[in-house]
There are 2 protein chains.
Amino acid sequence: MEVEKMSLEEFCGKVAEKTPTPGGGAVGAVVGAMACALAEMVANFTRKKRGYEDVEAEMERIVEDMEELRERLFILAGRDMKAFEELMNARRLPEDSEEERMLKRKKVEEAILEAASVPLDVIRAMNQLARELEILAEFGNRNLFSDTLNAVDLCEAVYRVAKVNVLINVKEMENEKTRKEFLEELEELGSQIEGSCRRIREMLEVRLWNSK
Amino acid sequence: MEVEKMSLEEFCGKVAEKTPTPGGGAVGAVVGAMACALAEMVANFTRKKRGYEDVEAEMERIVEDMEELRERLFILAGRDMKAFEELMNARRLPEDSEEERMLKRKKVEEAILEAASVPLDVIRAMNQLARELEILAEFGNRNLFSDTLNAVDLCEAVYRVAKVNVLINVKEMENEKTRKEFLEELEELGSQIEGSCRRIREMLEVRLWNSK
């Protein structure tokens, strides 16, 4: 069953039970989709509103992009579960002969690459979301500043969740070059996301608490 | 329809559309339920595991408490939507006579009280979750440290989301005494939650990154 078709109750039940998936990685991607939905709501409430005509086209674009991003995050939630299962299967392969050991090592390395790639994709999605949230904080409907701020808090948490899951897999990678590439992209994206979140908070906290 | 019966896709769709609810408050409560589910998974993977016999009863208790807390958070998600709708209704009441103005003022104040109480309840739930996560970080199955850390990141984000939603409503309260009580409890709970999260991160980050 596709993740997004599960009811909230069912999804939580599956997370809670004693099976390895869905775990933190899939939950992170799902929460990311919810943060995108909040951004989309803010854009929807800015469209066709008097005083916001200048940003109409931009808001329309954000609505479309957030729908796409939500779908992508649900796909990533499913991929996260599959990647984790593949990794467990690879780790269970026999290693009785040199040939088996070689094969197992190759399969484990492939599975780890996928298991690290999925949360990195989630982080790329959060970077896109954070950039859209900056636009919404600056030009979006001011009645929804608190929802924008809520989306920022969730976006940042999903980034942190995914970061832990990238690091935990990168730690086991054998290929030094790939490992280095992952860590570099992680750092680059992380500083972009943290920067966006900080700027949005500075902007919105003033606007939220110093006004009626 | 009860929130927890919605599919993930449906819930995100309803968040995204141009209707005031579900908004950030309901999303926060739902994400809180997912963080509880992660804690429950960690407890489930600790139960009946060799080497963890000493904490069997404690883990059993956590599983039961987290199921209860998940349910409570779904109820809070529904209450959040209702509270927001009631507040909007109260704000639309007429104020043509002194009598109408008095009634409206009373209704708005009541609605604000509920709208601030729901996120405060979410924060109480996150405080309980954070305390359980401290136990899981210290005594839970070490293979699930990353899921425990993921739950901490989500727990803290849900606290922040709910805090914004308490503050935004408290700001409009007329009753000084009630406002002061809300702010005091918010501060007290906030420092407990932040304290738990900090201690867990210190504990787990060492264990996760300094070991194989």
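The values are calculated or read from the model by the stated rules, or taken from the named source; none is laboratory data. Here the structure is a predicted model, which is why all the values come from computation and not from measurement. In this analysis, Cβ positions are derived from the backbone assuming ideal geometry, glycine residues included, and neighbour counts consider all displayed protein chains.
Here are some notes:
- Residues considered: A:170, A:158, A:118, A:122. Of these, the only one that is closer than 21 Å to residue B:28 by Cα, in contact (Cβ under 8 Å) with a residue 12 or more places away in the chain and touching a Leu at 6+ places or on another chain (Cβ under 8 Å) is A:122.
- Tally of residues being hydroxyl-bearing (Ser, Thr, Tyr) and in a loop (DSSP other than H, G, I, E, B) across the stretch B:157-212: 1
- Residues of the stretch B:69-110 classified as in a helix (DSSP H, G or I) and either more than 20 Å from the chain's Cα centre (by Cα) or charged (D, E, K, R) (or both), total: 26
- Residue identified as closer than 15 Å to residue B:33 by Cα and surrounded by fewer than 24 Cβ atoms within 10 Å (Cβ to Cβ) among B:207, B:201, B:124: B:124
- Selection status of residue B:118, away from chain A (no Cβ under 13 Å), of a type in the set (Val, Ile, Thr), assigned to a helix (DSSP H, G or I) and within 30 Å of residue A:32 (Cβ to Cβ): yes
- Complete set of residues in the stretch B:147-184 that are among the polar types (S, T, N, Q), more than 7 Å from chain A (Cβ to nearest Cβ), surrounded by 24 or more Cβ atoms within 10 Å (Cβ to Cβ) and within 19 Å of residue B:110 (Cα to Cα): B:169
- Residue within the stretch A:126-134 that is touching a Lys or Arg at 6+ places or on another chain (Cβ under 7 Å), more than 13 Å from chain B (Cβ to nearest Cβ), charged (D, E, K, R) and in a helix (DSSP H, G or I) present: yes
- Residue within the stretch B:186-205 that is over 27 Å from residue B:30 (Cβ atoms) and more than 12 Å from every other protein chain (Cβ to nearest Cβ) present: yes
- Residue B:125 vs. criteria under 26 Å from residue A:166 (Cα atoms) and modelled with pLDDT of 95 or more: no
- Applying the condition of being without any contact (Cβ under 8 Å) to a residue 60 or more places away in the chain, more than 7 Å from chain B (Cβ to nearest Cβ) and assigned to a helix (DSSP H, G or I) to the stretch A:1-51 and asking which residue is farthest from residue B:35 (Cα to Cα) yields A:10.
- The residues of the stretch A:143-164 that are over 13 Å from the mean Cα position of the chain (by Cα) and closer than 16 Å to residue A:202 by Cβ, listed by number, are A:145, A:146, A:148, A:149.
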